[in-house]
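The values are calculated or read from the model by the stated rules, or taken from the named source; none is laboratory data. Being a predicted model, the structure only gives us computed values, none of them experimental. Areas reflect the complete protein model, heavy atoms only, side chains present, ligands, DNA and RNA absent. Shrake-Rupley method; radii C 1.70, N 1.55, O 1.52, S 1.80 Å.
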Amino acid sequence: MKTLIFATNNSNKVTEVRSILGEKFKIISLAEAGINIDIPEPYDTLEENACEKARVINSITRGNCFAEDTGLETDALNGEPGVKSARYAGEGRSFEKNIDKLLTRLKDLENRKAQFKTVICVILNGEQTVFEGICKGTIIKERRGNSGFGYDPVFIPEGSDKTFAEMTLAEKNIFSHRKKAIEKLTTFLKI
Ligand code: IMP
């Protein structure tokens, strides 16, 4: 089986990507590769951050790897929190505080439309390629569900009446931005 290093420290993302790829590909997390660094996300776009993360890990391992950066973009707040989604409420990267801030900022606004966007950057034999996946939906006013991570308890994808946090991983994968981006990656990798 072919292997790829996934340049992330987020175990939720590793679980999701493994559930999408199944037995097709062996995904090695940074921890499993013995790499213990907090990869910077210094740029103003998801694409630049994803590519920076992939380049950092590629330069350490000299191996094939991929990274992803994801943001939640709301219509009413002109795309906020976007590329700043992880640190929306400050450097602590608290999922709870990030949701609190989002709900406060949207409080009196009628337009609750939002989308998750995932950008994947893969470096294969030294060549860099980028893929994108989008999931449109709405932000509800109160949290629902206990599964998933991040903004999942307040996001309902189009075509469902459940939040991502009320879904199993298999259900989330029917709609998910990450699934769409990973599918493009698997087509590219011909697996
Ligand atoms: P990053 O891609 O690790 O920078 O994550 C950006 C932020 O978006 C983090 O705070 C995550 O909690 C959030 N996020 C990323 N993917 C998802 C998802 O699939 N559901 C909910 N929140 C997510």
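For the range 157-169, putting each phi into the Karplus relation 6.51 cos²θ - 1.76 cosθ + 1.60 with θ = phi - 60° gives couplings of x, 4, x, 9, 10, 9, 6, 4, 6, 9, 9, 6, 4 Hz, in residue order, rounded to whole numbers and with x for Gly and Pro.
Rolling a 1.4 Å probe over the protein heavy atoms gives the range 2-189 an accessible area of 50 Å² per residue. Residues whose amide H lies under 5 Å from that of LEU124, counting only those 5 or more places away or on a different chain, are THR129; hydrogens are built 1.01 Å from N in the peptide plane. Here the scattering of the range 2-189 is modelled by Debye summation over its C-alpha atoms, one equal scatterer each and no solvent; at q = 0.15 Å⁻¹ the log10 of I(q)/I(0) is -0.87. Taking every C-alpha pair closer than 8 Å and separated by at least 6 residues, the mean separation divided by the residue count of the chain gives a relative contact order of 18 percent. Per-residue SASA remark: THR187, around 100 Å² accessible (1.4 Å probe; ligands, DNA and RNA not included).
Leaving ligands, DNA and RNA out of it, rank GLU80, GLU32 by accessible area with a 1.4 Å probe, largest first. Walk me through the numbers on the way to the answer.
On the way: GLU80 50, GLU32 115 Å².
Output order, biggest surface exposure first: GLU32, GLU80.
Counting only protein chain heavy atoms and rolling a 1.4 Å probe, the accessible areas of ASP152, ASP75, ASP38, ASP108 rank, largest first, as ASP108, ASP38, ASP75, ASP152. Ranked from largest to smallest solvent-accessible area, with a 1.4 Å probe on the protein heavy atoms, TYR151, TYR43 come out as TYR43, TYR151.
The heavy atoms of PHE95 offer some 100 square angstrom of accessible surface to a 1.4 angstrom probe. The 3J(HN,Hα) values that the Karplus relation (6.51, -1.76, 1.60; θ = phi - 60°) gives for the range 28-38 are, in residue order, 10, 6, 4, 4, 5, 7, x, 9, 10, 9, 8 Hz. Gly and Pro appear as x. The portion of the accessible surface of the chain made up by carbon and sulfur, rounded to a whole percent, is 48 (1.4 Å probe; DNA, RNA and ligands excluded).
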